[in-house]
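Report on the following structure.
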Amino acid sequence: MTEDTPLSDTETDEALAAELALGLLDGAEAEEAVARLSTDPAFAGQVREWQERLAGLAEGLTPVMAPARARQYIRERLGHAESPLASDPAEGTPWWRGPIGVIGGFFAAAAIAFVLFSPEDRTTPPSQPGYRAELAAEDGAMAVEAILRGREMRIAMQSGAPDEGRDWEVWWLAEGADPVSLGVLPREGDMTMMLPEGLEPSSDARIALSDEPEGGSPTGQATGPVIAVAELTDM
Amino acid sequence: MTDKRRTELEQLISRTALGDREAFDALYAATSAKLHAVVLSILKDRPEAEETLQDVYVRIWQGASRYAVNGLSPMTWLITIARNRAIDRLRARASRPATAPAEAASTVAATTPSPETATIHAQERRMLDECLSQLADAQAGAVRAVYLEGASYADLAAREGKPINTVRSWLRRSLLRLKDCVGQ
């Protein structure tokens, strides 16, 4: 096959299947190719082969955690969960303010008192391996603490804040692997997340913060300067 | 992808098809970071990628019952949905006419996929990088730009400073060469 010889019919079909799989066709050509999928199983098979063949490129991309709210929105859109503020707080009197609430409140207080003053120690939670990372800039301008219990990680901003129009992005660094973005740090308060599959908590892992454009790195790779890196230490 | 992981994902998709929310949650946990990377790579905009990712999982929930018959490996099916949705968004942004939903290909029933087919696919993936490196840099770059960044023929033509038809015939030949190499 040289650059000059026209493609054979078989080659043209194969190329068309590739173009359809890649989303390169438009207009009438695209419509025809899509229509052909349902009448020509061999062609549909070729398109699927191209999807399989090229998916390897996507599998090579560095995973980027989506913010936890994305999952909540999906649940809401599918009617799987009510949003935290879905019920109107002004609507009716909540039960705990009514007469039953007063009685319930009394028992709740009694139960709490019982737990608090009970001679036995009931408050010890089952211990889970935990790690901690203290991220601080060299000049002391910012400090962020990450606490990992099991696979749940809580990251809290302690001091400092990104510049206007910038955000701090959290990265998971493991030996011999590309950095994985764990998302963008909220400007106030903290964030809690579950570690994505493939990341294993260990004292060999490190957490880093990079300074990125608002909303986080547009490419999924750290683009801004890394402002702090810290190792996970056993708690 | 190991056989074990493939089987796990297939089971999660089948359970999702039956309306199992727990399985859908587990599927999200196992695959969302990868699919987010796919849409982000194409859209290069965090808020838009996040919104697109939501669309993608809504589609996965709604389309899970059609997965069993389309013959794609689970990860390819998921990546294809994510990629097509992101490309639709990208083309809409440029207010160009939307390209054909190649996703349609994944709704066509396949002849029964055999275990051999799965093995062939795994081998092809290993070959992909090797074969891309055998193409000229510009050709390999174009294939990556089209797949990972959603570049159109018009984008490639602008980038190479060549007419669209020239770029098209050049990319078609690169793709055929890639297929021959990967299939060896």
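Only the coordinates and a few stated rules stand behind these numbers; no lab work does. Note that the structure is a prediction, hence the values are computed from the model and not measured. Glycine gets a Cβ as well: all are built from the backbone with ideal geometry, and neighbour counts include every protein chain shown.
Within segment A:192-213, what residues put their amide N at less than 16 Å from the label point 7 Å along the Cα-to-Cβ vector of A:ALA177?
Inside the label zone: A:194-208.
A:MET65: net charge of surrounding residues, Cβ under 13 Å, Lys/Arg +1, Asp/Glu -1, itself excluded? Present the calculation step by step, with values, prior to reporting the outcome.
Details: positive: A:ARG69, A:ARG71, A:ARG151, B:LYS34, B:ARG46; negative: A:GLU169, A:GLU197, B:GLU50.
Neighbour charge sum, excluding A:MET65 itself: +2.
Restricting to Cα pairs below 8 Å that are 6+ residues apart, what does the relative contact order work out to for segment B:114-184? Please round to a whole percent. Mind dumping the intermediate values first?
Numbers: 34 pairs, mean separation 29.2, N = 71.
So the answer I get is 41 percent.
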